[in-house]
1. In contact (Cβ under 8 Å) with a residue 40 or more places away in the chain, part of a strand (DSSP E or B), among the polar types (S, T, N, Q) and within 14 Å of another protein chain (Cβ to nearest Cβ): is that true of A:S460 in this structure?
2. Working carefully through the options B:K321, B:K315, find the one that is open to solvent by 50 Å² or more (accessible area, probe 1.4 Å) and within 14 Å of chain A (Cβ to nearest Cβ).
3. Restricting to segment A:326-349, name every residue that is open to solvent by 20 Å² or more (accessible area, probe 1.4 Å), among the small types (G, A, S) and either more than 9 Å from chain B (Cβ to nearest Cβ) or farther than 9 Å from A:G300 by Cβ (or both).
4. Does at least one position in segment B:276-292 carry a residue that is within 25 Å of B:P331 (Cα to Cα), surrounded by 15 or more Cβ atoms within 10 Å (Cβ to Cβ), at pLDDT 95 or above and not polar (S, T, N, Q)?
5. Looking only at segment A:438-452, which residues are hydrophobic (A, V, I, L, M, F, W, C), within 8 Å of chain B (Cβ to nearest Cβ) and touching a residue at least 12 places away in the same chain (Cβ under 8 Å)?
6. Consider segment B:249-275. How many of its residues are outside any helix (DSSP H, G or I) and either in contact with an Asp or Glu (Cβ under 8 Å, 6 or more places away or on another chain) or open to solvent by less than 10 Å² (accessible area, probe 1.4 Å) (or both)?
7. Any idea which of B:K533, B:K551, B:K477 is open to solvent by 30 Å² or more (accessible area, probe 1.4 Å) and within 46 Å of the chain's Cα centre (by Cα)?
8. Do you know which residues across segment A:350-380 are away from chain B (no Cβ under 11 Å), closer than 27 Å to A:I236 by Cβ and in a loop (DSSP other than H, G, I, E, B)?
2 protein chains.
Amino acid sequence: MAKPRLKIIPLGGLSEIGKNMMVLEYADDILIIDAGLMFPEEEMLGIDLVIPDINYLLDKREKIRGIVITHGHEDHVGALPFILPQLDVPIYATKLTRGLIQVKLKERKALTGAVLKTAQFGAKIKLGKFNVEFFPVCHSIPDSAGLIIETPVGTIVHSGDFKLDYTPVSGEPTALSRLAQLGGEGVLLLMSDSTYSELPGYTPSERVVGEALERVIADAPGRVIITTFSSLVSRIQQIIDAAAKHDRRVFIIGRSMSDNVKMALELGYLHSPEGVLARLDELKGLAHNRIIFVTTGSQGEPTSALVRMANRDHKQLKINKGDTVVISATPIPGNEAVVNRTVDNLLKQGARVLYDKILPVHVHGHASQEELKLLLNIVKPKFFVPVHGEYRHLSYHARLASSVGIPEDNIFVLEDGDKLEVNPQSARITDKIAASNVYVDGLSVGDIGSVVLRDRRMLSKDGIVMVIIAVNRQTGKLVGRPDIVSRGFVDTREAKEMLDESRDLVANALDHGNDRLADWSFVNTKVKDTLNKYYYDQTRRRPMVLPFMVKV
Amino acid sequence: MAKPRLKIIPLGGLSEIGKNMMVLEYADDILIIDAGLMFPEEEMLGIDLVIPDINYLLDKREKIRGIVITHGHEDHVGALPFILPQLDVPIYATKLTRGLIQVKLKERKALTGAVLKTAQFGAKIKLGKFNVEFFPVCHSIPDSAGLIIETPVGTIVHSGDFKLDYTPVSGEPTALSRLAQLGGEGVLLLMSDSTYSELPGYTPSERVVGEALERVIADAPGRVIITTFSSLVSRIQQIIDAAAKHDRRVFIIGRSMSDNVKMALELGYLHSPEGVLARLDELKGLAHNRIIFVTTGSQGEPTSALVRMANRDHKQLKINKGDTVVISATPIPGNEAVVNRTVDNLLKQGARVLYDKILPVHVHGHASQEELKLLLNIVKPKFFVPVHGEYRHLSYHARLASSVGIPEDNIFVLEDGDKLEVNPQSARITDKIAASNVYVDGLSVGDIGSVVLRDRRMLSKDGIVMVIIAVNRQTGKLVGRPDIVSRGFVDTREAKEMLDESRDLVANALDHGNDRLADWSFVNTKVKDTLNKYYYDQTRRRPMVLPFMVKV
């Protein structure tokens, strides 16, 4: 019998940011790494979320030994509420990550029956033929992990999302010595974070931000409003520390921020000296230079406290002249415009606004080029698969790997669905399975296809024109003039004449022949052709024309 | 009689990028500076272009002495074809800028009757009570100008878009000594470019790019494909120079690039040694390492040669392994995603792709903070108005001005429509006129209002459901079940049952009472309420529901 082969199949997270999911398959065992979601791109109109396509896994359910999660960010855990009902398998994660998953499953009513297991750093978890060990890495959320996976063909190292922060604010530095030890023993395959592979040099330590934030807090004449990601617990810790030092009180605003702070305090990932954290009812009478607000809104989310303040739309909180607003985050690609507008609106109300372009009030959580090369150097893998990033990031990471001496034939830039077979001696892509985008829109998962999206795109550009054609049931003749209703096409008052004229055009087109208007496809085509041409000539626009026949 | 006062009114270009237009008014004389367009923001669905609102000028037509144009970029000249038919006034511009305007007016069939005058650097042009002198500035298009405007109340300096390049590739450095001389004589008001006021330090010289491009061209093993803005003549010059040095031939691809190169050669702004520029029919048989293509597409424009190559959609040109693609530009805000996708697609076909994140193959054309402070220092204006940029850029520029000693009370961050009155002793905002966005969509200018855009937004999110209700003309009763047609809402096959159910719901809702269905507003509201609730419960989506009644 042929020896079973190890297969590596990315189901998401390679050709686009987010919705990370990697499948490892060996004989009768399957291991899944991460289950993330992606926020929709501009042309995915009306879509709420995008998750990986797990069709490949559905008829292999009984082989799946578990889902191991590297950390608690949406692009690594966000798809769990949607896929768990289909794949009833245990989830393994570190303590805080587990806590975050629990909250998320509860929100989406998918917690019942879910099996959540806590992984300890350094301990081995046996999952079929796979032995998995979590190791600590630094990233922009505590308790982030990389994975050491012993397989029958060799050891695999998965970096998770990471950077090398030698002075992390919370948790341990990335476990370099453990990785160096593995490198000495021999690593078959490294999968490593490519998100910032375009960036030269080293990513600064989280401490740099602490120093900048402390200076801002010390110097601000009035209130300080700081917005960041609610999962960036180390950032919140640094704010609390600076507040304590400069005799300010910290008010946590907004539900997701409050929930996360509460859980991080309970689980021991966040520490606050007595009398620093405050409730909103303690605000009254407090001098402005003793106040810090911490809130979400760093991505310009319309319902966040910060954006509502910027739009003069928040009931309790108004921006005052003398306020200092700190945006301690960078916009996720696609959010730049709304974040910029928020900054503009805050400035117009007289606030001072600080953001990473003008002060180091944010550092990101991913390794830059020198760190990536360092990891490649100490892990010394035989094969290399860049993960986490868009194609150009993976591509660039592959070049880095080649520059530190990994043979080009041993580097694989995969796309979602590529099936890579790895043996101790060789590796190659043997197959490609379907792994497209699955859209979540409202309550349903996967029902939105290309037709609905194409219609939404067309509607969004030039609107719609409905044509209601009444036809006599007996004679098959047109009754009266067709009616026309339009939305999103033209100003219906200004264009009244044109719309009226188009009714006559349709009437003429349909009355012309003496045939019965029985053939719907003839009527449909005739009306569309007539109006498409007329409207384009008149306006250079192409609304969706939708004829409808009523028999009377 | 009261002395007439000088008024400064921005009609565009302050609260948003682009559509720059500044009005200067003194007694019976009006001077307009620039007439730019802006590309639509994400939420301006289906809109082609945005131009300034010139309603304020329409009943003052006979006072307007001219439009002076600082340089030939779209955000300074693009609105001319749309406003010239309404304001029949002469245009003043330097030679190349004039050439570009001519091309643009011709394209839009607005050249007939237009009066275009060439402005010489250093010469004075009398326009009513205003004396205008153009002075050279460095920017990312040749022949760029700043303006010195003598008015009855004092001298105004307008920087245009500028940077301080002491080693420009074409044209003269920014005229610092002329400005220093003016500063000595006394300047009443400075208006200065704020686009890069967030950026510390100095903007690098265009020469830096030349060196990087030359290295790329020298080292590339195969063809080099360079994409940049078609108006960036100095960049094209540097490519031609490097090509000549390294024995390559340059093929200009695409109409706008070819047109601009042709004009720049004719007007003497571009110089090419014999045998460097080549026609496409000379491509055959040429070794790959002797080929350079220069093309547009740096903004991910779907019809550009580069994007079509990236999508394997170009008839003549295919990407080969070994090609080097250089994106010698940065994405304009909003274009990041399409540019990134183009890079990914080029990489997938085996090209090497270089862009400004990984090599200095582009520098921008605007002054950074130290240059802005230098200008403020030598011009020493009494009053300061930051121009060109979004609110945060103006705001930051105002802080810079304050940091070099201009009293805060003498600095005015204006929004579009603010009317600033300036006297030798004092200045203040006295009024605000309407100056909103005017949308160009297809053939019409200004007919698209907030209702049409709101409809397009709603349609784009969750689509539309049309409900056709047949009512008996005599009895006023419902005839049969209402029909339902949807687009962009759900997959109509998968959701057949739900759509069917909703027909019954409407029938029940309308049949319930025994009244005649004569009151359209009752029927309309009833149908919308019923379906909005039902669809939201079933899908968590909110399609536009559009009932229509047919009398039969």
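1. Taking the combined requirement at face value, the residue does not satisfy it.
2. B:K321
3. A:G334
4. Yes, segment B:276-292 contains at least one residue that is within 25 Å of B:P331 (Cα to Cα), surrounded by 15 or more Cβ atoms within 10 Å (Cβ to Cβ), at pLDDT 95 or above and not polar (S, T, N, Q).
5. Across segment A:438-452, the qualifying residue is only A:I448.
6. Qualifying residue count for the region: 5.
7. B:K533
8. Matches in segment A:350-380: A:P360, A:V361, A:H362, A:V363, A:H364, A:G365, A:H366, A:A367, A:S368.
The values are calculated or read from the model by the stated rules, or taken from the named source; none is laboratory data. For clarity, every value in this text was computed on a predicted model and none was experimentally measured. Using ideal geometry, Cβ is built from the backbone for each residue, glycine included, and neighbour counts are taken over all protein chains shown. SASA here: full protein model, heavy atoms, side chains in, ligands and nucleic acids out. Shrake-Rupley method; radii C 1.70, N 1.55, O 1.52, S 1.80 Å.
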